[in-house]
Amino acid sequence: MDLLNTLVDKGLRRETPTRAEALAVLATSDDDLLDVVAAAGKVRRHWFGRRVKLNYLVNLKSGLCPEDCSYCSQRLGSKADILKYTWLKPDEASQAAAAGLAGGAKRVCLVASGRGPTDRDVDRVSDTIRAIKEQNEGVEVCACLGLLSEGQAERLREAGADAYNHNLNTSESTYGDITTTHTYADRVDTVQKAHAAGLSACSGLIAGMGESDEDLVDVVFSLRELDPDSVPVNFLIPFEGTPLAKEWNLTPQRCLRILAMVRFVCPDVEVRIAGGREVHLRTMQPLALHLANSIFLGDYLTSEGQAGRADLEMIADAGFEVEGAEQVTLPEHRTGGGCGSHGGGGTCGSAPAAGESAGESAHPADGPRTDLVAVRRRGAGTDLAPNA
């Protein structure tokens, strides 16, 4: 297929595809899916070999968020029956992080619900970062605390943070349909603040919120312009009790096309399969490793993920290897500044999805898999052992 040959050539040269080419990837048929995966896989292996970076989430503060993001189980007015607790103490967070690191994680992502941190919150998280760094040599720490005020990114950097995550989530034109309590421009500003402070910027999207192919391409091209080191691709988990509970728009094939498009647009960036992979990719998860070079290990913020041991077995069975602490995640040309220069790489992002092909809806043949959406009841904020 001429399109795929062109995209591989551009990916190996770090050349941006055209919007038409990116849209064409999303519009490919299921008959061509393996060809699409193979082509994007060539780009992935060129820049990242067969390494898979493992990341581990620690939810420092769960629920009770004043923002109204429609996709989020922690949002204002959410009826989702999730864990709710206030700030973990530094030693509690460090213990939670240790479980993920023991399972092979290279990066710990510290997340807290809310619009953004107060200066006191930054002090809390700084103490937690120091505790984790002191107890785990070489670990990368990424903070995700919402919108940043002036000077806060610099303080997190001074405390030892390597990266900051703040996702764009969806296109600028549709952002107001998803969230009304802050703006798309607010999110862009926070990513830029992280960059300016010398943190590795991590920013991605959420697929499956009812957006069009054009919206997907818009947000991925916006991410390319912001140039984060890491782009996580989240697939919407339709939690009961949230406005998007009925949005089951994804098939495994659709998810793979989205990941391939992200890889072609961001060829040399850490692309991470984030929330929702177990719900929407299901048994096709191993194929996604040919597109993304990073995943979360174990559970997510408020939902359960695949068992950590199963993740490790999947990586090995697919012919990939877990990236070691001594290995640098990003290609050499990206490690002269930003995230890659802080001990081995960046981590960021997520991606939205739409229909089976351009403009179509893509409902799974067997209907919504609500049985795969499980609220997290273990790990951080509980007395039960984490899933790592």
Please work out which residue is farthest from A40 (Cα to Cα), limiting yourself to segment 247-261 and to residues that are part of a loop (DSSP other than H, G, I, E, B) and in contact (Cβ under 8 Å) with a residue 60 or more places away in the chain. W248
Taking segment 262-279 and keeping residues in a helix (DSSP H, G or I) and either out of contact with any Phe, Trp or Tyr (no Cβ under 9 Å at 6 or more places or on another chain) or surrounded by fewer than 24 Cβ atoms within 10 Å (Cβ to Cβ) (or both) leaves V262, R263, F264, E278
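Residue-by-condition table, conditions (1) surrounded by fewer than 24 Cβ atoms within 10 Å (Cβ to Cβ); (2) of a type in the set (A, V, I, L, M, F, W, C); (3) in contact with an Asp or Glu (Cβ under 9 Å, 6 or more places away or on another chain); (4) not in a loop (DSSP other than H, G, I, E, B):
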{"position": "K10", "(1), (2), (3), (4)": "yes, no, yes, yes"}
{"position": "T16", "(1), (2), (3), (4)": "yes, no, no, no"}
{"position": "A20", "(1), (2), (3), (4)": "yes, yes, no, yes"}
{"position": "D32", "(1), (2), (3), (4)": "yes, no, no, yes"}
{"position": "A38", "(1), (2), (3), (4)": "yes, yes, no, yes"}
{"position": "R45", "(1), (2), (3), (4)": "yes, no, no, yes"}
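Here is a yes/no grid of residues against (1) at pLDDT below 95; (2) under 19 Å from G298 (Cα atoms):
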site	(1), (2)
L3	no, no
R19	no, no
K42	no, no
W47	no, no
Y71	yes, no
L110	no, yes
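Any residue in segment 229-237 that is assigned to a helix (DSSP H, G or I), under 18 Å from V373 (Cβ atoms) and in contact (Cβ under 8 Å) with a residue 12 or more places away in the chain?
No; the residues of segment 229-237 include none that is assigned to a helix (DSSP H, G or I), under 18 Å from V373 (Cβ atoms) and in contact (Cβ under 8 Å) with a residue 12 or more places away in the chain.
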Considering only residues of segment 63-75 that are under 18 Å from T118 (Cβ atoms) and hydrophobic (A, V, I, L, M, F, W, C), which is surrounded by the most Cβ atoms within 10 Å (Cβ to Cβ)? C65
Looking across segment 275-302 at residues that are without any contact (Cβ under 8 Å) to a residue 60 or more places away in the chain and either among the polar types (S, T, N, Q) or touching a strand residue (DSSP E or B) at 6+ places or on another chain (Cβ under 6 Å) (or both), the single one that is nearest to P232 (Cα to Cα) is A288
Any residue at all in segment 165-181 that's among the hydroxyl-bearing types (S, T, Y), surrounded by fewer than 19 Cβ atoms within 10 Å (Cβ to Cβ) and part of a loop (DSSP other than H, G, I, E, B)? yes
Cβ pairs under 9 Å, 6+ apart, first in segment 8-37 and over 23 Å from D215 (Cβ atoms), second in a helix (DSSP H, G or I) and of a type in the set (F, W, Y): V8/F264; L12/W47; R14/W47
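Per-residue answers, yes or no, for (1) among the hydrophobic types (A, V, I, L, M, F, W, C); (2) modelled with pLDDT under 95:
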{"position": "A105", "(1), (2)": "yes, no"}
{"position": "S113", "(1), (2)": "no, yes"}
{"position": "D123", "(1), (2)": "no, no"}
{"position": "T128", "(1), (2)": "no, no"}
{"position": "V141", "(1), (2)": "yes, no"}
{"position": "L147", "(1), (2)": "yes, no"}
{"position": "R155", "(1), (2)": "no, no"}
I'd like the full set of residues that are small (G, A, S), touching a residue at least 40 places away in the same chain (Cβ under 8 Å) and out of contact with any Pro (no Cβ under 7 Å at 6 or more places or on another chain), limited to segment 172-210. S173, A194, A196, A197, G198, S200, G210
Filtered residue count, segment 309-336, keeping only those that are touching a Gly at 6+ places or on another chain (Cβ under 6 Å) and assigned to a helix (DSSP H, G or I): 1
So, in segment 369-378, exactly how many residues are part of a loop (DSSP other than H, G, I, E, B) and under 20 Å from the mean Cα position of the chain (by Cα)? 3
Only residues that are of a type outside the set (A, V, I, L, M) and either crowded, with 24+ Cβ neighbours inside 10 Å or outside any loop (DSSP other than H, G, I, E, B) (or both): list them for segment 200-216, please. S200, C202, S203, G204, G208, E211, D213, E214, D215
For the structure I just gave you, tell me whether L297 is touching a Phe, Trp or Tyr at 6+ places or on another chain (Cβ under 6 Å) and either farther than 20 Å from K106 by Cβ or surrounded by 23 or more Cβ atoms within 10 Å (Cβ to Cβ) (or both). yes
For T335, indicate whether it is of a type outside the set (K, R), out of contact with any helix residue (DSSP H, G or I) (no Cβ under 9 Å at 6 or more places or on another chain) and modelled with pLDDT under 90. no
Within segment 87-108, is even one residue surrounded by 24 or more Cβ atoms within 10 Å (Cβ to Cβ) and part of a strand (DSSP E or B)? yes
Subset tally (residues that are at pLDDT 95 or above and surrounded by fewer than 24 Cβ atoms within 10 Å (Cβ to Cβ)) for segment 218-246: 7
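The values are calculated or read from the model by the stated rules, or taken from the named source; none is laboratory data. Remember, it's a predicted structure, so these values are computed and weren't measured experimentally. Quick reminder, even Gly has a Cβ in these numbers, built from the backbone with ideal geometry, and neighbours come from all protein chains shown.
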